[in-house]
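Trainee: A single structure is presented below for examination.
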Amino acid sequence: MKATILLSFFLFVFSLPAADEKKVKSEKSYAERLKEAYDEKVNAGKEIYDKGVKGAKEKYGVGLDQGKNLTQKSKEWLMKDIENIGDWEYKVVSYGSKDFQALEKDLNELGKERWQCFWVEAAGEEKVFYFKRTKMSYLSKIPTGALLRIIADFQNN
């Protein structure tokens, strides 16, 4: 019986380090696992980025080819819009004996439409308001360098 206990003890003691070695070899440190998880995320992000860039390039290429040939109607619209840059529109409105709140409401509505009152004069019991605003020009919102390239392109065609 002592021999069996002694034999069991030796087998148990010598099997522990072997199990620990297997455990150490199969388990990675926290830093190693963290690095692997980070690398997986980076690679997944690169794949998504590359896929997005590829799709954007394809769409840009299609749009670029379609945009090279402007129709005559588009050119006419652009030329008219260029003429609107810096021009003014005017509006004359006559108000009778309105109460001040109604008049204020009407003037605020005109202000929301970007009308600016620059003169008021009395005409009998009425007041005549003179308004102005710059003409709407979409091209005035484009940076000057880009606008010059558009104009040069018109001259080349």
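Trainee: What FRET efficiency comes out for Lys75 versus Lys41 if R0 is 41 angstrom and r is the Cβ-Cβ distance? Round to the nearest 0.05.
Mentor: Result of the calculation: an efficiency of 0.25.
Trainee: Where in the stretch 116-154 is the amide nitrogen less than 19 Å from a point lying 7 Å along the Cα-to-Cβ axis of Tyr90?
Mentor: Only 116-123, 127-136 pass the distance filter.
Trainee: When Phe129, Phe118, Phe100 are ordered from fewest to most other Cβ atoms inside 10 Å of their Cβ, what list results?
Mentor: If I rank by nearby Cβ atoms, fewest first, I get Phe100, Phe118, Phe129.
Trainee: Multiply the residue separation of Glu83 and Glu27 by 0.36 nm, subtract the distance between their alpha-carbon atoms, and state the gained length in nm to one decimal.
Mentor: Net length gain for the segment: 12.7 nm.
Trainee: Find how much the distance from Met136 to Val53 grows on full extension, using 0.36 nm per residue of separation minus their present alpha carbon separation; answer in nm with one decimal.
Mentor: So the extension gain works out to 26.3 nm.
Trainee: Moving to a separate point now. Based on alpha-carbon positions alone, could you give the equivalent ellipsoid semi-axes of the stretch 88-134 from the gyration tensor, as √(5λ), descending, whole Å?
Mentor: Largest first, the stretch 88-134 gives 18, 14, 6 Å.
Trainee: Which GluC sites (Glu not before Pro) from the stretch 90-157 combine a DSSP loop assignment with at most 11 other Cβ atoms within 10 Å?
Mentor: Passing sites in the stretch 90-157 are Glu113, Glu125.
Trainee: Lys73: net charge of surrounding residues, Cβ under 14 Å, Lys/Arg +1, Asp/Glu -1, itself excluded?
Mentor: Around Lys73, the surrounding residues sum to 0.
Trainee: To continue, here is another question. Suppose the chain between Lys98 and Glu121 were pulled fully straight at 0.36 nm per residue; how much longer would it get relative to their current alpha carbon spacing?
Mentor: Using 0.36 nm per residue and subtracting the Cα-Cα distance, I get 6.7 nm.
No lab work stands behind these numbers, since they all come straight from the coordinates. Note that the structure is predicted; figures quoted are calculated from it, not measured. Neighbour counts are summed over all protein chains in view; Cβ atoms, including those assigned to glycine, are modelled from backbone coordinates with ideal geometry.
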